[in-house]
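Contents: one structure, followed by commentary.
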Amino acid sequence: MSRSQRGPHGFLFTLAIGLLACWAAMSQEKPSSTVVRQIAPPPLSQHLRELASRPGAWLVIARNMIPVVGIYCFGWSAALSVFNYWFDGFTALVAIVAALVPRALRETRPKSTGVMSVVANIVRGIVTWIFLICIVGLPYWIVLIPLHDLLLGSELRRQIAQSPALWFTFGSLAASHFWKAFQSGYDEMPDNELKQKVRWDIYLLVLRAIAMFMMAAHGLYFILVPLMALLLSYFEIWPERVLGAVFGDPSKLYEYDPENPSSSRRRH
């Protein structure tokens with residue numbers, strides 16, 4: 001299907017449909033012809049050998065373990081640490097979608113260049129952005145269900161409301177995600193490169209939220225922060241293995257077309 005046939009914001013809507021299709025595939029118990037072949041991660045011994053040869057990986061682990069040390073050694077708030085994990089992933093997702101909207105507006109804008117046309121195009125972009133945040137960000141909304149008391153409790157609200165430093169910290173975190181997303185070059189990438197880059201980034205963020213939900217749903221509140229620290233370290237050190245274990249060949253994410261399930265990749 002051509003870009004013009006896809007309609008307004010075709011790639012963005014296709015991305016949302018693709019995510020929903022992937023979640024559906026992940027929930028299936030039996031493999032089918034439309035489900036990609038996952039790539040199993042290597043054994044633990046290989047991971048340890050690679051860690052021994054990559055000093056930078058230990059720095060990643062040490063950085064992600066800072067909240068763990070803070071909670072268990074210095075009395076930091078567990079609710080605040082968990083909220084930071086949630087907010088960090090969610091704002092990164094929001095920023096990526098926001099960075100994609102200008103390209104969609106440019107490629108689908110009407111021929112008319114009047115003031116009303118420009119205003120209508122901007123409104124259309126904002127509505128599209130909000131809609132996609134509701135769809136693509138669904139795992140982050142769902143994770144609030146098991147973590148409701150922790151993330152939406154009065155203690156956390158009080159801590160954030162009474163601390164300008166926290167407002168500045170979370171504001172800076174969100175701003176950094178938006179800066180990074182708008183500097184990623186989505187506007188100038190060829191279509192396949194754009195699909196590969198966006199799906200790589202968004203799938204990792206979605207898997208992060210799903211893992212957070214699974215840990216919370218199984219009552220692992222008391223070790224949620226240490227588990228998230230290890231999980232984020234793995235995602236950062238071996239992102240290709242995370243994606244391969246769920247979506248198949250991570251170098252060919254761009255090939256999957258949710259509008260044509262028979263085109264799904266299979267690894268032989």
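Of all residues in segment 212-230, those that are surrounded by fewer than 19 Cβ atoms within 10 Å (Cβ to Cβ), at pLDDT 85 or above and among the small types (Gly, Ala, Ser) total 0. You will find that of SER184, SER233, the residue that is outside any helix (DSSP H, G or I), in contact (Cβ under 8 Å) with a residue 24 or more places away in the chain and crowded, with 16+ Cβ neighbours inside 10 Å is SER184 and no other.
The sole residue among VAL35, VAL115, VAL69 that is modelled with pLDDT under 80, among the hydrophobic types (A, V, I, L, M, F, W, C) and surrounded by fewer than 18 Cβ atoms within 10 Å (Cβ to Cβ) is VAL115. Collect the residues in segment 134-159 that are surrounded by 18 or more Cβ atoms within 10 Å (Cβ to Cβ) and under 28 Å from ALA99 (Cβ atoms), keeping them in residue-number order. Passing the criteria: VAL136, GLY137, PRO139, TYR140, VAL143, LEU147, LEU151. Summed over segment 189-209, the residues that are in a helix (DSSP H, G or I) and over 10 Å from the mean Cα position of the chain (by Cα) give a count of 7.
The values are calculated or read from the model by the stated rules, or taken from the named source; none is laboratory data. Worth saying up front: this structure is predicted, and the values here are computed from it rather than measured. So basically every Cβ, Gly included, is an ideal-geometry build from the backbone, and we count neighbours across all protein chains shown.
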